[in-house]
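Here is the structure we will look at.
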Amino acid sequence: MLFTSYEFLFFLLILLGLYYVIPARFQWVLLLGFSYLFYLAANPWYLLYILTTTVTVYLSAVRIEKIRAEQKAYLAQNKDSLDREARKKYKGRQQKRMWHMLLAGLLFNLGILAVVKYANFAIHNLNIVLHTFGSPSEIRPLDLLLPMGISFYTFQALGYLIDVYRGSCSAEKNLFRFALFVSFFPQLIQGPISRFHELSQTLYAEHPFDRSQLLGGLQRILWGFFKKLVIADRIIIGVNEIIKNPEQYSGAYVFVGMMFYAAELYADFTGGIDITIGIAQCLGIVVTENFNRPYFSKSIKEYWRRWHITMGTWFTDYIFYPVSICRPMLKLSQFSRKHFGDVIGKRIPVYLSSFLVWFATGIWHGASWNFIVWGLGNWVVIMISQEFEPCYQKFHGKFHVKDKNWFRLFQIVRTVLLMSCLRTFDCYRDVPLTFRMFGTMFTTGNWHILWDGSLLALGLGCADYVILAAGVALLICVSLLQRRGSVRQQIAAKPYAVRFAAWYGLFLAVLILGVYGIGYDANQFIYNQF
Amino acid sequence: MTRQKIVRIGLSASVIGISLILLQRLLVPKYVTDVVEGRMIAEYYEESDKDHDVIFIGDCEVYENFSPQVLWDDYGINSYIRGSAQQLVWQSYYLLEDTLRYEQPDVVVFNVLAMKYNTPQNEAYNRMSLEGMRWSWSKVLSIEASMTEEENLIEYVFPLLRYHSRWQELGKDDITYMFRTKQVSFNGYYMRTDIKPAENVPEGKKLADYTFGDNAYLYLDKMVQLCKDNGIRLVLIKAPSLYPYWYDEWDEQMEQYAAQNGLLYVNLLEAADEIGLDYSRDTYDGGLHLNLYGAEKTTRYLGRILQQEYGLADRHQDARLEAEWQAKAAAYEAEIQRQGGYKEP
């Protein structure tokens with residue numbers, strides 16, 4: 001059920017109706033039922049996967065908590081009889097047991113993810129190796145079902161398990177409540193990747209009907225619909241035309257495709273998240289924000305702090321930091337400092353941990369070399385920026401440009417262009433083609449297509465370009481207004497006529513200018529594929 | 001709730017309601033100049049006196065091949081055609097059910113070409129058949145039975161959702177006919193006076209299976225039952241269009257079906273010579289559909305059968321009906337003149 005389908009709107013309407021009619025203490029039970037219904041509607045077999053993850057992570061977390069409780073009780077009981085050494089030894093033993101439980105939970109669930117998402121990628125690469133060495137045999141790809149949103153719910157569940165292991169949150173004792181945390185339908189298929197201690201505060205709470213919450217949620221949903229249906233699903237026509245016909249569209253077309261894709265991805269993904277957060281708000285539930293005006297970032301590093309925030313923090317908290325401080329890495333740090341000196345020595349562990357994070361980020365986005373190269377491309381750019389940081393500082397100091405508006409604009413444009421260049425790996429079918437197409441931008445010299453009407457042959461008419469230009473201008477204006485706080489609150493402070501005109505105008509724009517219905521492909525949200 | 005709030009809500013609801021109605025009226029296709037077939041189903045409801053002796057039900061082979069004006073002029077039979085482009089059997093069944101809400105004809109004539117379709121076919125034709133129907137349970141069931149995979153009931157309930165992107169193709173008609181409409185048919189008959197001779201009509205391709213589908217039979221059975229329940233005589237016909245090809249195997253099935261159910265089945269294609277059809281003159285599109293000359297001949301032939309078989313009374317003595325038909329005849333004649341008048345062979 002796509003968020004923008006009639007079926008989903010009907011599903012949501014029924015849920016909202018029931019949600020505020022039934023006794024508030026059963027609201028979370030209703031949500032669980034509807035979440036499973038949502039998943040069931042996509043494919044009944046998907047349930048098997050999400051149930052397996054739910055049960056195994058639940059059991060692992062409960063077990064870890066039990067071991068910790070045992071430890072606490074034992075130490076309290078034997079407070080006087082145990083010396084420091086014995087206490088340490090006992091703690092170590094218990095820690096090991098908890099570690100084994102954590103490892104079992106992680107490996108089992110990452111194993112499922114690896115098999116369903118990456119097995120065929122591995123087989124494909126293995127076959128290439130076999131062919132290279134002249135082997136006639138070939139491994140047949142597996143016919144596996146890739147459950148909807150598996151990367152999102154697996155990471156969310158494993159984040160919870162690690163948090164329980166670290167003691168930063170308590171294990172949920174009720175399996176059904178935990179099942180809701182894993183399967184909460186608005187964020188099931190494209191995030192955000194929530195943390196248990198944050199989401200659980202409102203997920204299980206009783207929510208009396210609150211008109212302002214409901215209206216606020218509906219407004220956010222409407223804004224998401226605008227981004228998705230008016231901008232993303234319109235511009236994707238041009239993007240697809242360019243990237244699916246690389247022989248026909250090279251040079252400046254690649255640049256156009258790159259910039260179109262930047263707008264499309266932003267409108268699609270942030271639109272989807274707006275709908276997610278809006279639905280949650282209608283239900284009285286607070287879901288973490290996933291974007292903070294990322295296209296206003298002045299560097300790639302900043303961009304990644306503002307784009308898909310929950311994924312970034314997940315990788316930082318559960319991969320970067322643990323890897324940075326793990327025993328082998330500390331040993332490597334000592335070794336490199338000793339042999340290469342402090343300057344290089346202290347960088348090696350950071351670079352290596354970052355490399356792992358960006359490799360994981362890349363492959364998380366998709367089982368292909370394109371995504372791996374894209375991830376590592378981000379790593380290279382960030383590392384280079386970091387190395388050049390002193391030079392930048394020197395330059396800023398000498399020319400006093402740091403606070404100049406034109407320089408800020410330059411930094412923003414540079415970041416957008418850089419990110420767009422890296423994203424070409426998302427678009428073309430393989431890495432060599434991406435490099436080739438990227439290269440044509442500098443060799444073809446067909447920049448006249450930008451003004452000679454060639455762009456009208458991409459499946460987008462004049463009216464589409466006008467709508468897109470107006471839509472993107474509106475996105476920019478809203479982003480600028482967001483610097484002063486929530487735009488919805490700013491609108492709410494205006495007189496009734498202005499409020500009505502703003503929201504009804506937006507509704508009409510979606511209704512009339514939206515790309516939906518027969519004659520259009522119902523485009524999946526891009527992040528649903530992860 | 002304060003008075004100010006009530007006024008505010010009332011005003012907002014009015015603005016929303018009125019603007020959506022206006023938008024919908026502007027954006028839905030008007031079907032008055034180009035594809036007039038989309039208007040025909042709705043025109044029936046504008047008939048002041050729904051007291052027809054004969055109702056034709058079916059696809060383009062009824063609304064282009066029979067002229068109710070001739071049935072009246074020659075036999076005093078008051079008739080109406082409830083037909084639309086590629087009208088499927090279940091659409092005909094539900095349309096008949098809908099018609100019976102307004103009147104009870106003596107005879108229903110159903111053209112059997114649609115038996116070749118067993119599943120929903122095409123959204124554009126569905127729209128033309130279904131949109132004109134007034135809302136009733138029959139319409140809902142007809143939509144449900146007709147929708148292709150990409151269609152959605154809600155887009156029939158709120159056509160604005162279907163036609164929202166038509167703002168890019170709005171024309172003069174969309175403004176002119178936003179609040180009014182124009183008569184496009186003559187008791188459901190779509191008149192064409194131009195001539196395009198039938199030449200090189202292709203033979204039908206061999207089919208793997210000539211048996212009509214279960215679903216088509218199901219709705220034909222329902223139509224038979226509906227007519228029985230209402231004391232209506234059902235006549236099955238195959239109109240004398242040369243194409244789409246009408247196979248002998250199909251004809252046999254219809255003959256058998258009619259015999260089993262005690263129905264009259266008339267294959268007018270086989271009677272083309274008896275009717276006096278000249279396919280070099282009596283068709284406007286190379287044999288797919290008849291023009292005015294062909295339709296008038298065919299109607300005369302069928303009218304004779306209807307009168308002989310079912311003893312339908314000549315109602316010329318009914319002054320009210322006569323007056324109505326005289327007015328219709330004037331419009332009919334005016335349309336012939338508008339299209340360039342009768343063309344001599």
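What to note about this one:
- When A:Phe355, A:Phe395 are screened for being in a helix (DSSP H, G or I), surrounded by 16 or more Cβ atoms within 10 Å (Cβ to Cβ) and not hydroxyl-bearing (Ser, Thr, Tyr), only A:Phe355 passes.
- Residue check, B:Met133 among the aliphatic types (A, V, I, L, M), farther than 25 Å from B:Asp285 by Cα and buried (at least 21 other Cβ atoms within 10 Å of the Cβ): yes
- Of all residues in the range A:301-338, those satisfying the criterion of being crowded, with 19+ Cβ neighbours inside 10 Å and closer than 19 Å to A:Glu198 by Cα are A:His308, A:Ile309, A:Thr310, A:Met311, A:Gly312, A:Trp314, A:Phe315, A:Tyr318.
- Inspection of the range A:484-493 identifies at least one residue that is away from chain B (no Cβ under 11 Å), of a type outside the set (Ser, Thr, Tyr) and in contact (Cβ under 8 Å) with a residue 12 or more places away in the chain.
- Condition check for A:Leu506 on (1) modelled with pLDDT of 95 or more; (2) within 30 Å of A:Ala252 (Cα to Cα); (3) within 14 Å of chain B (Cβ to nearest Cβ); (4) surrounded by 12 or more Cβ atoms within 10 Å (Cβ to Cβ): one failure, at (2).
- Just one residue in the set A:Gly105, A:Gly92, A:Gly191 is surrounded by 14 or more Cβ atoms within 10 Å (Cβ to Cβ) and in a helix (DSSP H, G or I); that residue is A:Gly105.
- Which listed residue, of A:Leu130, A:Leu110, A:Leu158, A:Leu145, is surrounded by fewer than 20 Cβ atoms within 10 Å (Cβ to Cβ), touching a residue at least 12 places away in the same chain (Cβ under 8 Å), among the aliphatic types (A, V, I, L, M) and assigned to a helix (DSSP H, G or I): A:Leu110
- Here B:Pro120 meets the list (1) closer than 21 Å to B:Asn215 by Cα; (2) away from every other protein chain (no Cβ under 14 Å); (3) outside any helix (DSSP H, G or I) almost entirely, failing just condition (2).
- B:Asn78, sole failed condition from (1) touching a strand residue (DSSP E or B) at 6+ places or on another chain (Cβ under 7 Å); (2) within 25 Å of B:Gly294 (Cβ to Cβ): (1)
- Residue, nearest to the other protein chains (Cβ to nearest Cβ), within the range B:165-188, restricted to residues that are surrounded by 16 or more Cβ atoms within 10 Å (Cβ to Cβ) and not β-branched (Val, Ile, Thr): B:Ser165
- Single unsatisfied condition, B:Arg162 versus (1) under 19 Å from B:Glu61 (Cα atoms); (2) within 14 Å of chain A (Cβ to nearest Cβ): (1)
- Residue satisfying all of: in the range B:16-53; under 20 Å from B:Gln87 (Cβ atoms) and among the hydroxyl-bearing types (Ser, Thr, Tyr); nearest to the other protein chains (Cβ to nearest Cβ) among these: B:Tyr31
- The one condition from (1) in contact (Cβ under 8 Å) with a residue 12 or more places away in the chain; (2) part of a helix (DSSP H, G or I); (3) not aliphatic (A, V, I, L, M) that A:Arg337 does not meet is (1).
- Residue within the range B:22-36 that is among the acidic types (Asp, Glu) and in a helix (DSSP H, G or I) present: no
- Subset tally (residues that are over 25 Å from the mean Cα position of the chain (by Cα) and part of a helix (DSSP H, G or I)) for the range A:415-453: 15
- Meets criteria (part of a helix (DSSP H, G or I), at pLDDT below 90, within 14 Å of another protein chain (Cβ to nearest Cβ) and on the phi < 0 side of the Ramachandran plot) for B:Gln4: yes
- Options B:Ala259, B:Ala239: the member that is touching a helix residue (DSSP H, G or I) at 6+ places or on another chain (Cβ under 6 Å), under 22 Å from B:Phe110 (Cβ atoms) and among the small types (Gly, Ala, Ser): B:Ala239
The values are calculated or read from the model by the stated rules, or taken from the named source; none is laboratory data. If you're wondering where the values come from, they're calculated on a predicted model, not measured in any experiment. For neighbour counting, all protein chains shown are included, and Cβ atoms are generated from backbone atoms with ideal geometry for every residue, glycine included.
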